[in-house]
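Scroll down for the structure; my scribbles are underneath it.
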C-alpha cells in the first residue's frame, strides 16, 4: 500500500525511540533496585508498569505499520484491538491508582497515568473504525497516538525516576543523623 510508504521514517524513529527508552527504563530500575522504596510492590504496577506498556505499544504500532499489508483492514484490526486493550488497561491502572497507599495521587498523576493514555488508546479504536473510508486520516490518528504514548512514557519515566531519587535522598537525609551523631540532614532537600 502506497499510504504506508510515506510513514517509513516516522515509524522507524518512533519504534527506535520506544525500544531504546524501554531499555533505559530497565537500566534505571536495575540501578535503583538496591534501594527499593517502601511498598514498591504496590507502586510498581501503578506507576512503573504503565510506562513500559506505553513504550511497548508505541513499538508495537511501529512494527505493525511497517509490515507490508496489502490493505489497511488487517492493520486496522490490530491497532483497533491494541487500542481497546490499552483502554481496558487504563481502567485497571485507574483502579490501582485509587487502591495504592504509597501516596495520594494529584491531578497530574490522574492525567498522565490514566486519562491522557486512555485518550491515545481511544484514538486507536476510532482510527480503526475510520480506516476503511478515511485511510489517510486514520493513519494520521495512529501516528498521533503512537507519539502521544511515546511522550507519555517519557514523562512518566521521568516522574517515576525523579520520585525514586527524591525518596532515596530523603531517606539518606533521615539516616544521616544516626550515622554521624548530628541532627544535620533531617530537612527535605532544597529547604
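The values are calculated or read from the model by the stated rules, or taken from the named source; none is laboratory data. Model, not experiment: these values are computed from the prediction. Using ideal geometry, Cβ is built from the backbone for each residue, glycine included, and neighbour counts are taken over all protein chains shown.
Tabulated values for the structure
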{"item": "Residue within region 148-162 that is out of contact with any helix residue (DSSP H, G or I) (no Cβ under 8 Å at 6 or more places or on another chain) and under 20 Å from residue 45 (Cβ atoms) present", "result": "yes"}
{"item": "Qualifying positions in region 76-86 - more than 20 Å from residue 152 (Cβ to Cβ), in contact with a helix residue (DSSP H, G or I) (Cβ under 6 Å, 6 or more places away or on another chain) and in contact (Cβ under 8 Å) with a residue 24 or more places away in the chain", "result": "76"}
{"item": "Those residues of region 91-130 which are more than 17 Å from the chain's Cα centre (by Cα) and modelled with pLDDT of 95 or more, in sequence order", "result": "125, 126, 127, 128, 129, 130"}
{"item": "Some residue of region 136-145 being under 18 Å from residue 51 (Cα atoms) and either touching a strand residue (DSSP E or B) at 6+ places or on another chain (Cβ under 7 Å) or free of Cβ contacts under 8 Å to residues at least 60 places away in the same chain (or both)", "result": "yes"}
{"item": "Residue 174, sole failed condition from (1) modelled with pLDDT under 90; (2) more than 27 Å from residue 109 (Cα to Cα)", "result": "(2)"}
{"item": "In region 1-50, the residues that are surrounded by fewer than 16 Cβ atoms within 10 Å (Cβ to Cβ), under 21 Å from residue 114 (Cβ atoms) and modelled with pLDDT of 70 or more", "result": "45, 49"}
{"item": "Region 93-114 - residue that is in contact with a helix residue (DSSP H, G or I) (Cβ under 9 Å, 6 or more places away or on another chain) and loosely packed, with under 14 Cβ neighbours inside 10 Å and, of those, nearest to residue 159 (Cα to Cα)", "result": "108"}
